[in-house]
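Computed from the coordinates by the stated procedures, all read-outs in this text should not be read as laboratory data. All of these numbers come straight from a predicted model, not from anything done at the bench. Cβ placement follows ideal geometry from the backbone for every residue including glycine, while neighbour counts extend to all protein chains displayed.
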Amino acid sequence: MPTGRVVIFAGGGLSPDFLSLLDEEDYIIGADRGALFLIQHGIKPDIAVGDFDSVSAEDLQRIEAGATKTITCDPVYKDLTDSEMALDLALDTRPESILFLGVTGTRMDHTLASIQMMTRAQQRQVACSIMDEHNYITLTGSQAVVEERGFTYVSLLPLTPEVTGITLQGFQYPLTNATLKLGQSLAVSNVLLTSPGTVTIESGLLLIIQSKD
């Protein structure tokens, strides 16, 4: 059955403040240590998934007892990261949107993999975002609404070799029918003047990163 929003808690940087983002209607998935985080804070995940190599045997028992459903896999013989397994489960529910929490942190490989995974949701026409204490990341292939979320800057980075027809409304530094190529930093550190602002593109995939120090 389709769901409204799926929220995925992974095992990276997590804050108890993130719990205030949850709504009663959210479908909640805990990936590996993200599932333990939820249970430790009194939240029952609909699914706990992963190899659970970052938790103890006792913690895994607690996860299995506290989650509605637990899916485990071998930590060595697996092809997907815990976060991608969670994404697959999220997409299976046919959601309107997906919010990733805990997918950034000290492991840059996992962070970049999670950002690139947003394209899989984009292909299914599912809005996907990543949030941590300093960043809110979304992806667009057409038009996006950028709301004031308490972040200082808004940066635009191409995720494809080229993004064309970029037009901004509501920003300090406007763009009209601009083109960004992979490796260019022209659209880094813009500022939202009116909320919401809009970002429109004609072709390509564009990351929209709201950030603060």
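Where the only charges are on Cβ atoms (+1 Lys, Arg; -1 Asp, Glu), what is the dipole of the chain about its Cα centre, to the nearest 20 debye?
With Lys and Arg at +1 and Asp and Glu at -1, about 520 debye.
Straight-line reach from LYS69: which lysines have a Cα under 22 Å away, not including same-chain ones fewer than 8 places off?
Hits, sequence-local ones excluded: LYS44, LYS78.
Could you please rank ASP213, ASP46, placing first whichever residue has the fewest other Cβ atoms within 10 Å of its Cβ?
ASP213, ASP46
Using just the helices of the chain, give the 222 nm mean residue ellipticity in deg cm²/dmol: DSSP H runs with n ≥ 4 each add -39,500 (n - 2.57), and the total is spread over all residues, rounded to 500.
Mean residue ellipticity, 222 nm, calculated: -6500 deg cm²/dmol.
Run the numbers on the chain and let me know its relative contact order in percent, using alpha-carbon pairs under 8 Å that are six or more apart.
18 percent
Please report TYR153, TYR27 as a ranked list, fewest other C-beta atoms within 10 angstrom at the top and most at the bottom.
Placing the least packed residue first, the sequence is TYR153, TYR27.
List the relative contact order of the range 140-211 as a percent without decimals, with contacts defined as Cα pairs under 8 Å and 6+ residues apart.
Reported as a whole number, the value is 51 percent.
Full-extension gain between ASP53 and THR167, please, as 0.36 nm times their residue separation minus the C-alpha to C-alpha distance.
Once the chain is fully extended between ASP53 and THR167, it gains 36.5 nm.
Tell me, in nm to one decimal, what length is gained between VAL191 and ARG124 on full extension, where the rule is 0.36 nm per residue of separation less the Cα-Cα distance?
Between VAL191 and ARG124, full extension yields 21.1 nm more.
Looking only at the chain, where both bridge partners belong to it, what percent of the DSSP beta bridges are antiparallel (to the nearest 5)?
Percentage antiparallel, nearest 5: 60.
Expressed in nm², what is the orientationally averaged projection area of the convex hull enclosing the Cα positions of the range 140-211?
Average projection, Cα convex hull of the range 140-211: 3.8 nm².
With viscosity set to 0.692 mPa s and temperature to 37 °C, compute the Stokes-Einstein D of the chain, Rh being the Kirkwood radius across alpha carbon pairs; µm²/s, no decimals.
184 µm²/s
For the range 61-170, what size does the Cα cloud have along each of its three principal axes, sorted from largest down, in whole Å?
For the range 61-170, the Cα spread along each principal axis is 50, 28, 27 Å.
Efficiency by 1/(1 + (r/R0)^6): what FRET value for HIS41 and LEU112, r their Cβ-Cβ distance, R0 = 41 Å, to the nearest 0.05?
0.90
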